[in-house]
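Please treat every number below as a calculation from the coordinates, not as lab data. Quantities reported herein were computed from a predicted structural model and do not represent experimental measurements. Note that each Cβ is placed from the backbone with ideal geometry, even for glycine, and that neighbours are counted across all protein chains shown.
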């Protein structure tokens, strides 16, 4: 799969995912890419606003294929973003289920996959902090966010994401799931949600979080159902 042909880059845009969805609905081909260095209406999971301080990259690509919901696509994307970040100089990146990429327990990227299975397409959205000055993060995120840095640029970050996503979207799913397990930031950690708490015990093939209770019962959590609190180390 080739990503970035065509490639539409904006200095500023409301939301790259919204534009990519519009293009998909109009018949854009797989690999069509929309990027921007500023979003004025960016969205995260469950419609939450996504902040875009200077030095961030908003990246959205159209994927035309049979889409399973729930499925492994968000896991494949998470692994790909980790690999892209590491290719830019970061030593180790992890996936914090369901849609955050962590470096040293701080968020460096967020993922938003919007699928239209009936129409055979999805939009893969990535918000990546490439080179954000610490003082440019909003006050409420300053202690929780980080950047790639290491001399990374927007151009290099786009190229790295294109390469890693193209590879992971074609790689055997089983291989990617093993790679995900090695990058699972929640594995073995205490987590809680509205209905309970337990120890994170991995991800299943449908992208659900498995949580083991103190009495050995296994719960399966869907990303759309819960808000997790992670107990600090």
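A few comments on the model shown:
- Length-normalised contact order of the chain in % [C-alpha pairs under 8 Å, at least 6 apart]: 19 percent
- Length gained when the stretch residue 118-residue 68 is fully extended (0.36 nm per residue, less Cα-Cα span): 17.0 nm
- Additional length obtainable on full extension of the chain from residue 10 to residue 26, 0.36 nm per residue less Cα span: 3.8 nm
- Convex hull volume of the Cα atoms of the range 7-181, normalised per residue: 107 Å³.
- Tail beyond 17 Å, pair distance distribution of the range 190-230 (Cα, percent): 17 percent
- Label-point gap, in nm, between residue 91 and residue 220 - each point 7 angstrom along Cα→Cβ: 3.8 nm
- Principal-axis tilt of helix 154-170 within the chain, Cα atoms, nearest 10 degrees: 60 degrees
- Highest to lowest packing among 1-12, 86-97, scored as the average C-beta count within 10 Å: 86-97, 1-12
- For a label point 7 Å along the Cα-to-beta-carbon line of residue 205, residues of the range 147-179 with backbone N under 11 Å: 173-174
- The slack in the chain from residue 229 to residue 155, taken as 0.36 nm per residue of separation less the alpha-carbon distance, amounts to 23.2 nm.
- For the range 115-233, the fraction of alpha-carbon pairs in successive 5 Å shells from zero, as %: 2, 8, 13, 15, 17, 18, 16, 8, 2, 0, 0
- Helix axis angle, 16-25 relative to the chain longest principal axis, alpha carbon, degrees: 80 degrees
- Shape of the range 110-170, Cα gyration tensor, a/c cut at 1.5: oblate
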